[in-house]
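Visitor: Take this structure, written in structure tokens, and hold onto it; I'll ask about it next.
The values are calculated or read from the model by the stated rules, or taken from the named source; none is laboratory data. Keep in mind that this is a model prediction, so the values were computed, not measured. No Cβ is skipped: glycine too gets one built from the backbone with ideal geometry, and neighbour counts run over all protein chains shown. For the accessible areas, the whole protein counts, side chains as well, though only heavy atoms, and no ligand, DNA or RNA atoms are used. Shrake-Rupley method; radii C 1.70, N 1.55, O 1.52, S 1.80 Å.
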Amino acid sequence: MNTATAAVLAAGIAFSVLSAARADDDHEGPQFPSHASFTTKIITPFSIEGLTGDAFGNLYTSGRPAAPALCPVWKISVQNPSLVVVGTIPNTTGCNLSGITFDALGNLYVADAALGGVVWKLTPNADTPPVATQFATGVPGTNGLAFDRDGNLWTGDGTTGVGRVWKISSPGAVCEPAFTGCAEVFRIQAMANVLDPATSGGVANVGRDIRGLPPGTIAVTPISRNASNQLGSQPLVSNGLAFNEQGDLYIADTARGAIWKAEFHRSGALKSRTGCDKTFSDNTLCLDNIFVSHAYREGTDGIALDRAGNIWNSANERNAIVVVTKNRRVVEVFRNPVNAAGLRNSADPAVGNNHILELPTSPFLLGKLFCTANSDGNRRDNAPNTAGEVGPASPGKGKISCMDQALEIPGLPLPVR
């Protein structure tokens with residue numbers, strides 16, 4: 001991978017639009033695809049989550065093998081899909097790989113929530129696949145990745161649910177606890193405060209709990225609503241990240257179905273307001289930094305921008321794709337249709353499971369091609385995940401699916417300039 005390759009990386013998302021919608025009626029943007037169709041490009045033997053691409057029409061993702069072994073980083077040609085190993089990641093405790101992105105020099109970065117949180121770095125090479133090195137450590141729950149205009153790498157803390165967003169400015173950085181080459185710039189407000197019962201009058205938590213069903217199966221009765229079993233809780237508030245051309249940072253809030261917007265001064269200092277709720281840390285963004293919140297976006301995972309500033313979302317728990325325009329209009333462009341069982345976890349035979357989503361996680365816009373990774377998690381619309389094209393009962397554990405029709409607006413080239 002050379003400099004020219006990475007300089008024109010396209011940002012994006014992609015997927016099925018059986019129930020499509022038009023962007024707007026007030027000319028704020030182009031029409032989104034209507035009556036689109038989608039096809040699985042490739043099935044992976046391990047579960048996947050992150051997705052990125054290069055200027056030559058290749059996609060990249062990383063696998064999560066269950067047994068201790070090197071975790072593969074794959075290159076997939078869109079024209080002739082096959083899994084080509086271009087690097088590996090050490091796996092001593094089990095890789096928990098998610099976000100993946102390129103820098104301006106063609107180096108690839110992969111977020112790994114294992115080992116206390118590591119961001120790995122490698123230069124893809126199909127002839128002699130390199131073993132990744134640690135770019136940053138002490139990044140608990142690291143998930144989405146995005147570079148800013150100055151070459152700093154940003155990431156959030158994923159399923160830890162604390163809401164931290166870090167800026168990593170140098171190789172070999174240590175975020176927590178040393179904060180060497182890394183700074184916690186702000187936090188997304190967590191769903192709940194975690195308190196010390198000894199000093200709070202016996203109260204341990206204040207806030208909300210969002211649960212997806214299953215695995216948090218409940219019988220909806222007055223008693224069960226107060227059940228202590230929190231299986232299926234969704235605390236994730238700092239997930240996918242994406243910069244726009246103005247240098248603003250968007251953050252996907254999976255639990256709330258929201259997108260937050262953080263703005264910065266020319267100096268790089270945070271401009272957005274913080275510290276409005278004193279029960280959270282002083283660097284917690286105020287709620288008025290929420291760019292949009294909408295029920296269509298519940299379970300939103302990865303996000304990606306096109307050149308017009310539209311934000312494409314993989315709403316994983318709804319098996320849906322949603323777009324947020326720069327004027328905050330929310331458009332659902334696809335959701336799996338209901339099958340004969342009254343569920344959205346598989347397709348009826350006439351449609352075929354290779355034309356549905358199975359917990360879409362990370363979108364990427366490869367020019368005008370819209371694709372998304374699918375991790376087949378056992379939650380909400382994708383439950384039970386034993387159905388469908390991939391899953392625990394089949395050899396395939398993940399898949400990448402792309403829209404058959406071209407987008408009107410190509411993806412925003414990455415990294416931003």
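Visitor: If you go through segment 301-324, how many residues are among the hydroxyl-bearing types (Ser, Thr, Tyr) and modelled with pLDDT under 95?
Guide: Qualifying residue count, segment 301-324: 0.
Visitor: Can HIS265 be described as closer than 21 Å to ASN382 by Cα and open to solvent by 10 Å² or more (accessible area, probe 1.4 Å)? Full working, then the answer.
Guide: Numbers: closer than 21 Å to ASN382 by Cα: no; open to solvent by 10 Å² or more (accessible area, probe 1.4 Å): yes.
So HIS265 does not fit the description; no.
Visitor: Right, next: For SER224, state whether it is more than 23 Å from GLY156 (Cβ to Cβ), open to solvent by 60 Å² or more (accessible area, probe 1.4 Å), modelled with pLDDT under 60 and not aliphatic (A, V, I, L, M). Steps first, please.
Guide: Working: more than 23 Å from GLY156 (Cβ to Cβ): yes; open to solvent by 60 Å² or more (accessible area, probe 1.4 Å): no; modelled with pLDDT under 60: yes; not aliphatic (A, V, I, L, M): yes.
Against the criterion (more than 23 Å from GLY156 (Cβ to Cβ), open to solvent by 60 Å² or more (accessible area, probe 1.4 Å), modelled with pLDDT under 60 and not aliphatic (A, V, I, L, M)), SER224 does not qualify.
Visitor: Select from segment 368-386 the residues that are modelled with pLDDT of 95 or more and among the small types (Gly, Ala, Ser) and write down the one among them that is nearest to GLY158 (Cα to Cα).
Guide: SER375
Visitor: Let me ask another. Could you grab me the full set of residues in segment 398-409 that are surrounded by fewer than 21 Cβ atoms within 10 Å (Cβ to Cβ) and over 14 Å from VAL78 (Cβ atoms)?
Guide: Restricting attention to segment 398-409, the residues satisfying the condition of being surrounded by fewer than 21 Cβ atoms within 10 Å (Cβ to Cβ) are 404-406, 408-409.
Residues satisfying the conditions are GLN405, GLU408, ILE409.
Visitor: Same structure again: Which one of these does THR386 not meet: (1) surrounded by fewer than 19 Cβ atoms within 10 Å (Cβ to Cβ); (2) under 17 Å from the mean Cα position of the chain (by Cα); (3) among the hydroxyl-bearing types (Ser, Thr, Tyr)?
Guide: Result: THR386 fails condition (2) only.
Visitor: So, one more: Might you let me know whether segment 248-256 holds any residue that is farther than 30 Å from THR386 by Cα, open to solvent by less than 60 Å² (accessible area, probe 1.4 Å) and at pLDDT below 85?
Guide: Here is the first cut: in segment 248-256, the residues farther than 30 Å from THR386 by Cα are 248-251.
Narrowing the set further to residues that are open to solvent by less than 60 Å² (accessible area, probe 1.4 Å) leaves 248-251.
Add one more test, that the residue is at pLDDT below 85, and what stays is none.
Looking for residues that are farther than 30 Å from THR386 by Cα, open to solvent by less than 60 Å² (accessible area, probe 1.4 Å) and at pLDDT below 85, one finds none in segment 248-256, hence no.
Visitor: Any idea which residue in segment 25-76 is modelled with the highest pLDDT, counting only those that are open to solvent by 30 Å² or more (accessible area, probe 1.4 Å) and among the aliphatic types (A, V, I, L, M)?
Guide: Selected residue: ILE43.
Visitor: Hey, any hits in segment 393-400 for a residue that's basic (Lys, Arg) and touching a strand residue (DSSP E or B) at 6+ places or on another chain (Cβ under 7 Å)? Steps first, answer last, please.
Guide: Filtering segment 393-400 for residues basic (Lys, Arg) gives 397, 399.
Restricting the remaining residues to those that are touching a strand residue (DSSP E or B) at 6+ places or on another chain (Cβ under 7 Å) gives 397, 399.
Yes - at least one qualifying residue is present in segment 393-400.
Visitor: Here are the criteria: (1) more than 21 Å from the chain's Cα centre (by Cα); (2) touching a residue at least 60 places away in the same chain (Cβ under 8 Å); (3) under 27 Å from ASP248 (Cα atoms). Tell me which single one VAL206 does not satisfy.
Guide: Here VAL206 meets the rest and fails (3).
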